[in-house]
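Quick notes on the structure that follows.
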Amino acid sequence: MKFSFNHDQQQFAAGLREMLEREFTAAHLRGVWESGTGHDPAVWARLADMGVLSMMLPESDGGMGGDFVDTVLLVEELGRAAVPGPVFETMTVGALALRGTTWASGVADGSVAVTAALMGERYVPHTDVAALVLLADHQSVRALETAQLQTESVEGIDHGRRLATLSGTDSGGHFLAVDLNEVIDAGALASAAYLLGLSSRMLAIAGDYARDRRQFGQPIGSFQAVKHLMADALLKVEFARPAVYRAAWSHATGADTRSRDVSMAKALASEAAQKAARSALQVHGAIGYTWECDLQLFMKKAWALMPAWGNASLHRRRVSDAVLGQR
Amino acid sequence: MDLTETPDEQAFRAEARAWLEANVPAEPLPSFDTAEGFELHRQWEAKLYEGRWSAVSWPAEYGGRDADYLKWLIFEEEYWRSGAPGRVSQNGIFLLGPTIIEVGTPEQKARFLPAMARSDEIWAQAWSEPDAGSDMASIRSKGTLSADGSEWILNGQKIWASRAAWADWCFGIFRTDPESSRHKGLTFILMPLDTPGITVRPIAQLDGDTGFAEIFFDDVRVPVENTLGGVGNGWSVAMATAGFERGVSLRSPARFNVAVERLIKLWIRIGDPDDDTMRDAVTDLWMQAEGYRLHTYMTVTKLLEGGHVGSESSLNKIFWSEMDVRAHELALQLLGPDAERMDGAHQRWVDGFLFSLSGPIYAGTNEIQRNIIADRVLNLPRG
């Protein structure tokens with residue numbers, strides 16, 4: 001029994017974190033928001049170069065041959081930086097569904113971005129960035145080229161995740177030889193890992209502000225009301241963390257409990273993100289309620305991803321069915 | 001990462017399970033906060049010691065098995081799963097024992113550890129005072145050296161001393177430098193509770209039993225050899241003990257996993273299948289207990305890989321104590337009118353509910369833990 005990450009896994013995540021802290025600051029993220037593209041080609045190219053996008057692809061597809069345990073810390077770091085575009089979708093859901101296909105090498109080299117709507121989503125994210133969209137077709141997964149589809153944009157709350165409705169999806173595309181549930185679990189787990197990183201970032205931003213901002217002649221972080229608010233949020237985040245890491249293990253090893261474990265991870269990570277966002281905003285007070293404050297870039301990502309790939313309520317029901325028996 | 005058990009760990013689990021199945025009393029023992037129950041629990045502890053299961057994580061020379069933290073967790077899982085009695089030896093084996101192993105002299109280790117492992121001597125803790133609760137550094141009970149320097153002369157009062165009503169020995173911190181204040185000038189001292197000058201006055205708890213007591217010290221003479229960790233170091237010795245308590249050892253996950261399994265059985269037996277709110281709440285509890293188990297396995301792996309557990313252990317204390325209250329609140333809600341009865345088939349849930357309410361208070365209130373997290377984990381400015 002060993003519940004930790006090996007040296008290589010930790011080093012790779014640390015390297016990714018350093019790169020993103022240097023090359024993808026909140027100012028860069030704001031730039032993406034203002035560009036209206038929901039995507040940053042420069043950071044995408046860096047992620048492809050580093051092997052982040054291809055971590056879960058087999059070596060025969062030009063990938064790194066890793067599994068979800070090798071990948072989960074990377075997704076967490078992408079969440080910490082709130083990297084926009086279909087990044088966790090491509091590197092987990094996409095890599096899993098497209099292995100062995102002609103698209104796989106494109107995923108590895110960064111030329112093929114992938115998005116998905118496998119749970120009957122009304123609004124599909126990232127369709128103007130992704131070359132492929134994966135749709136559920138009964139118990140199968142079908143890949144369609146977004147260029148062949150009619151899309152109609154809708155305005156989303158997170159400008160790093162542009163939304164659209166799709167039509168013309170009833171036929172065509174390519175059926176993929178993957179298990180739909182395994183792919184859905186990958187998306188739910190990746191979104192949970194991303195939310196974990198995002199939550200830590202929001203608490204870090206709130207901590208900086210609480211040390212800096214003075215009222216009544218002292219930093220507001222010295223007041224117990226602020227301390228306890230933040231401690232409670234940290235509690236949620238730190239107890240979601242092992243659930244996310246365990247789900248990565250269950251996914252990597254094909255455990256019988258995979259779906260239960262993934263659902264536990266997504267339920268806890270979604271609730272942690274909700275608490276972290278709310279607490280971080282409250283610590284900021286009025287400045288947190290402004291467009292200028294960078295906190296909003298991260299909160300809005302959290303609010304978009306909490307319901308994505310199944311909200312906490314849906315996933316709690318999946319855990320209930322596994323633990324208490326089917327209703 | 002490998003979340004499966006090694007053959008060695010599996011064998012250890014099987015050995016623990018077999019011994020417990022053969023030895024755990026068929027009927028639950030009376031509460032160890034009663035005179036009769038205390039002695040019955042002492043006898044159970046002696047039996048555990050005979051099987052060399054009373055202090056598995058201690059060195060073999062003191063009666064342990066040199067088990068690493070993982071094996072200790074495995075033992076705990078088997079222990080609580082087997083329905084074995086609560087540990088009346090908790091203060092000694094899990095709190096003071098590891099501290100003596102860390103900072104005690106060879107003579108202290110030889111004198112105290114084996115007797116502790118056998119539960120020949122059961123320990124009470126004496127930290128809080130009437131004016132030093134959450135603000136523990138304002139301790140006023142005094143220790144003065146005798147003229148020949150061979151004894152401490154203790155005066156003052158301790159309160160909320162758990163197990164003190166029936167225990168044999170106690171440990172506490174005393175202000176040995178009269179010029180000192182706050183965390184300085186305190187000394188950690190061990191003494192038998194039948195030392196002349198000590199008066200123990202049991203306090204009836206919320207559940208009516210006497211789990212804790214006041215201890216009055218009136219010119220109590222204790223040999224200086226009973227100083228643990230050096231004169232004036234009492235605060236850091238106590239914090240090492242408290243850190244261990246909060247961190248891993250006080251409440252291992254298994255007891256909560258077992259309690260939640262009982263809650264699930266109760267839900268399946270008497271819950272309303274159409275009550276989705278209750279179904280969700282029970283599921284939340286399962287996730288919390290499971291989350292706590294996973295969190296502990298992560299912490300223990302970190303320790304085994306040479307890492308340290310610092311102030312983040314305060315997160316654990318808040319988490320398990322709030323979870324325990326919530327589990328019992330839900331059980332009482334399920335029980336309906338039977339939740340009002342202090343006798344009968346569901347007594348264990350009602351007793352457990354009352355006991356759970358002490359969790360957010362003892363070993364440092366959860367508000368103090370939140371301060372520690374904010375100051376030392378989140379690095380917020382001190383108030």
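The values are calculated or read from the model by the stated rules, or taken from the named source; none is laboratory data. None of the values given here were measured: they were computed from a predicted structure. No Cβ is skipped: glycine too gets one built from the backbone with ideal geometry, and neighbour counts run over all protein chains shown.
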When A:Asp170 is evaluated against the numbered criteria (1) assigned to a strand (DSSP E or B); (2) at pLDDT below 95, which criterion, by number, is the only one it fails?
(1)
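Rundown of residues vs (1) among the aliphatic types (A, V, I, L, M); (2) within 30 Å of B:Ala238 (Cα to Cα), yes/no style:
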residue: B:Pro7; (1), (2): no, no
residue: B:Ala16; (1), (2): yes, no
residue: B:Glu36; (1), (2): no, no
residue: B:Glu61; (1), (2): no, yes
residue: B:Glu76; (1), (2): no, yes
Please verify whether A:Asp185 is assigned to a helix (DSSP H, G or I), touching a residue at least 40 places away in the same chain (Cβ under 8 Å) and closer than 19 Å to A:Met299 by Cβ, treating the condition exactly as stated.
no
Just give me the residues in the stretch B:373-383 being within 17 Å of A:Val237 (Cα to Cα) and in contact with a Ser or Thr (Cβ under 7 Å, 6 or more places away or on another chain), in sequence order.
B:Ile373, B:Arg376, B:Val377
For the stretch A:297-327 the number of residues that are assigned to a helix (DSSP H, G or I) and within 14 Å of chain B (Cβ to nearest Cβ) is 13
Within the stretch B:125-147, is there a residue that is of a type in the set (Phe, Trp, Tyr), outside any strand (DSSP E or B) and touching an Asp or Glu at 6+ places or on another chain (Cβ under 8 Å)?
no
Going residue by residue through the stretch B:249-266, is there one that turns out to be over 23 Å from the mean Cα position of the chain (by Cα), surrounded by fewer than 20 Cβ atoms within 10 Å (Cβ to Cβ), assigned to a helix (DSSP H, G or I) and more than 9 Å from chain A (Cβ to nearest Cβ)?
yes
Take the residues of the stretch B:284-335 that are of a type in the set (Val, Ile, Thr) and within 11 Å of another protein chain (Cβ to nearest Cβ): which is surrounded by the fewest Cβ atoms within 10 Å (Cβ to Cβ)?
B:Thr301
State all residues of the stretch A:149-184 that are loosely packed, with under 11 Cβ neighbours inside 10 Å, of a type in the set (Gly, Ala, Ser) and in contact with a strand residue (DSSP E or B) (Cβ under 8 Å, 6 or more places away or on another chain); if no residue qualifies, say none.
A:Ser167
Kindly state which helices (runs of 4 or more DSSP H) lie completely within the stretch A:1-114 and contain at least 1 residues that are surrounded by fewer than 19 Cβ atoms within 10 Å (Cβ to Cβ) and touching a helix residue (DSSP H, G or I) at 6+ places or on another chain (Cβ under 8 Å).
A:7-23, A:26-35, A:41-50, A:104-109
Where in the stretch B:1-96 are the helices (runs of 4 or more DSSP H), entirely inside, with at least 1 residues that are closer than 21 Å to B:Leu304 by Cα?
B:7-23, B:69-81
Taking the stretch B:133-154 on its own, how many of its residues are surrounded by 18 or more Cβ atoms within 10 Å (Cβ to Cβ) and either under 30 Å from B:Glu61 (Cα atoms) or of a type outside the set (Val, Ile, Thr) (or both)?
6
Right, B:Glu225: modelled with pLDDT under 90 and of a type in the set (Asp, Glu) or not?
no
Please name all residue pairs, on different chains or six or more residues apart, with Cβ atoms under 6 Å, provided the first residue is in the stretch A:135-154 and is within 15 Å of A:Leu118 (Cα to Cα) and modelled with pLDDT of 95 or more and the second residue is assigned to a strand (DSSP E or B) and among the aromatic types (Phe, Trp, Tyr).
A:Arg142/A:Phe175
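Can you confirm whether the stretch A:126-133 contains a residue that is hydrophobic (A, V, I, L, M, F, W, C), in a loop (DSSP other than H, G, I, E, B) and touching a Pro at 6+ places or on another chain (Cβ under 9 Å)?
Of the stretch A:126-133, the ones hydrophobic (A, V, I, L, M, F, W, C) are A:129-133.
Cutting the leftovers down to in a loop (DSSP other than H, G, I, E, B) gives us A:129-131.
So of that shortlist, the ones also touching a Pro at 6+ places or on another chain (Cβ under 9 Å) come out as A:129-130.
Scanning the stretch A:126-133 turns up at least one residue that is hydrophobic (A, V, I, L, M, F, W, C), in a loop (DSSP other than H, G, I, E, B) and touching a Pro at 6+ places or on another chain (Cβ under 9 Å).
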One residue is enough: does the stretch A:302-316 have a residue meeting the conditions outside the structural domain of A:Gly160 (by TED's automatic domain parsing), crowded, with 16+ Cβ neighbours inside 10 Å and among the charged types (D, E, K, R)?
yes
Do you know which of the residues in the stretch B:105-124 that are aliphatic (A, V, I, L, M) and either outside any strand (DSSP E or B) or at pLDDT below 95 (or both) is surrounded by the fewest Cβ atoms within 10 Å (Cβ to Cβ)?
B:Ala110
Under 8 Å between Cβ atoms, which residue pairs at least 6 apart in sequence (or on different chains) link something in the stretch B:118-129 that is farther than 28 Å from B:Thr365 by Cα with a partner that is among the polar types (S, T, N, Q)?
B:Arg118/B:Ser54; B:Ser119/B:Ser54; B:Ser119/B:Ser89
Do we have any residue at all in the stretch B:369-379 that's over 30 Å from A:Arg201 (Cα atoms) and touching a helix residue (DSSP H, G or I) at 6+ places or on another chain (Cβ under 6 Å)?
no
Within the stretch A:233-246, can you find the residues that are more than 7 Å from every other protein chain (Cβ to nearest Cβ) and not hydrophobic (A, V, I, L, M, F, W, C)?
A:Lys236, A:Arg241, A:Tyr245
Given the condition in contact with a His (Cβ under 8 Å, 6 or more places away or on another chain), surrounded by 14 or more Cβ atoms within 10 Å (Cβ to Cβ) and either among the acidic types (Asp, Glu) or part of a loop (DSSP other than H, G, I, E, B) (or both), answer yes or no: does some residue in the stretch A:188-211 qualify?
no
Take the residues of the stretch A:222-267 that are closer than 18 Å to B:Asn379 by Cβ and touching a residue at least 40 places away in the same chain (Cβ under 8 Å): which is nearest to the chain's Cα centre (by Cα)?
A:Val237
Would it be correct to say that B:Ala132 is in contact (Cβ under 8 Å) with a residue 60 or more places away in the chain and not assigned by TED's automatic domain parsing to the domain that holds B:Gln43?
no
Assess whether A:Asp294 counts as being over 21 Å from A:Thr115 (Cα atoms) and within 14 Å of chain B (Cβ to nearest Cβ).
no
Kindly indicate the residue of the stretch B:363-380 that is surrounded by fewer than 17 Cβ atoms within 10 Å (Cβ to Cβ) and assigned to a loop (DSSP other than H, G, I, E, B) and also nearest to the other protein chains (Cβ to nearest Cβ) among those meeting that condition.
B:Asn379
The lone exception for A:Pro219 - which of (1) surrounded by 20 or more Cβ atoms within 10 Å (Cβ to Cβ); (2) more than 24 Å from A:Leu297 (Cα to Cα) it fails
(1)
Lone unmet requirement of (1) away from chain B (no Cβ under 14 Å); (2) surrounded by fewer than 19 Cβ atoms within 10 Å (Cβ to Cβ) for A:Thr146
(2)
I'd like the full set of residues that are surrounded by 22 or more Cβ atoms within 10 Å (Cβ to Cβ) and over 24 Å from B:Gln10 (Cα atoms), limited to the stretch B:69-94.
B:Val88, B:Ser89, B:Asn91, B:Gly92, B:Ile93
